[in-house]
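Structure first, commentary second.
The values are calculated or read from the model by the stated rules, or taken from the named source; none is laboratory data. Note that the coordinates shown come from a computational prediction; the quantities given were computed from them, not determined experimentally. FYI the Cβ positions are ideal-geometry reconstructions off the backbone, even for glycines, and counts take in every protein chain you see. When the accessible area is computed, the model is the full protein with side chains, heavy atoms only, and any ligands, DNA or RNA have been set aside. Shrake-Rupley method; radii C 1.70, N 1.55, O 1.52, S 1.80 Å.
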Amino acid sequence: MTITEIAKAAGVSTATVSRYLNKGAVKENTKKKLESTILQLKYVPESMAHQIVNISTKSIAVITHSLTNPYTMEFADMLSDCYRKKDFIFYMGHSTGPAVEYKYLMDLVSRGLNGVILQDPAEAKTQIEIYKKIEKLLPVVLVHSFPADFPFNTIMVNQEIGMHSAMRYLIEQGHRDIAFISGETGYSYTRKEELWKEELAKAGCRTDPWHSLHIHEGDSESSIEGTCKAVCDYFRAGNRPTAVFTCNDLMAMGVLKAFRKLKLRVPDNISLISHDNTVLAASNDLTSIDMKIRSVAIAAMDLLDYAIAGNDTTPRHISITPELIIRSSVLPLAETRI
């Protein structure tokens, strides 16, 4: 890939592309056009390889999709502690999509970092070509939640097992009317909803679409208020499930807030299971799917260290199994006072 090819695709001169790449003055509309073209072409400048040859650093970075989800922050905190003990500088970036992630990766390569951990990027499958190019310049570890083979080091948390465990536990307790609460977009949300329907169908239950609530920005702190409002509206419309499943602990906090307004007590009047098992679930005594944050962080660090050492370029893939942690937020249906 050359700047001539970029210029042709963007409909600008090679001089304009050169100015843009060297952070020179470029009109705003031209800048946006070039950003879009470069991302679409998955361009990684060959010159970056020369920039990092003689840079001696001990630093790594984590790029994540959320800075307010407790799961992400506990994961990053664990890595930060481990790398501080190894005398590494630790950077963290918040990516809101492929374009922002691309800018982060270009900047990290130019700084000569030792490696990068990509934590559950929402569009990893579409970014695969960029990751492959970046991986030639610095080690990459991808932490993700969907089944796929990638040509670099990966850690997958098998969320399907966790979802099956949560649903089967609720059904074993006699619950059949189970509401499902998730974010709006993302593989893990979609797959969990599919498994929610699958497990209810196996139990001979109907999965009405109105029992599935989708919360805007479900991985952000704002989802607490969003979930609270959605749940209040849902119950006031006459819906009355005996149990609720939330795709993360933030949304579970919104459910609890709604239940306080609705004068419903967990688990006496309704059962609740959350996903992730962060400090929020533990402090509210919620039954939750434990995503093994510590295990994921240690595995990510081990894989990155292995890649940084450079002794073997064969990609390694680790699968981690989540666990259902039973606390006091679920009662058998027979003991529930509806």
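A few remarks follow.
- Pairs, first modelled with pLDDT of 95 or more in the stretch 311-338, second among the hydroxyl-bearing types (Ser, Thr, Tyr) and part of a loop (DSSP other than H, G, I, E, B), C-beta under 7 Å, six or more apart: 333/242
- Single match in 12, 100, 44 (criterion: of a type in the set (A, V, I, L, M), modelled with pLDDT of 85 or more and within 30 Å of residue 185 (Cα to Cα)): 100
- Residue satisfying all of: in the stretch 175-199; open to solvent by less than 80 Å² (accessible area, probe 1.4 Å) and more than 24 Å from residue 267 (Cβ to Cβ); farthest from the chain's Cα centre (by Cα) among these: 198
- Check on residue 272, at pLDDT 95 or above and open to solvent by 20 Å² or more (accessible area, probe 1.4 Å): no
Residues checked against (1) open to solvent by less than 30 Å² (accessible area, probe 1.4 Å); (2) among the basic types (Lys, Arg); (3) outside any loop (DSSP other than H, G, I, E, B):
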| residue | (1), (2), (3) |
| --- | --- |
| 154 | yes, no, yes |
| 161 | no, no, yes |
| 201 | no, no, yes |
| 204 | no, no, no |
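- Single match in 264, 256, 280, 324 (criterion: among the hydrophobic types (A, V, I, L, M, F, W, C), open to solvent by 20 Å² or more (accessible area, probe 1.4 Å) and over 19 Å from residue 70 (Cα atoms)): 264
- Restricting attention to the stretch 55-87, the residues being at pLDDT 90 or above, closer than 19 Å to residue 305 by Cβ, open to solvent by 40 Å² or more (accessible area, probe 1.4 Å) and of a type outside the set (Asp, Glu) number 3.
- Among residues of the stretch 214-239, those that are among the polar types (S, T, N, Q) and either part of a helix (DSSP H, G or I) or open to solvent by 40 Å² or more (accessible area, probe 1.4 Å) (or both), counted: 3
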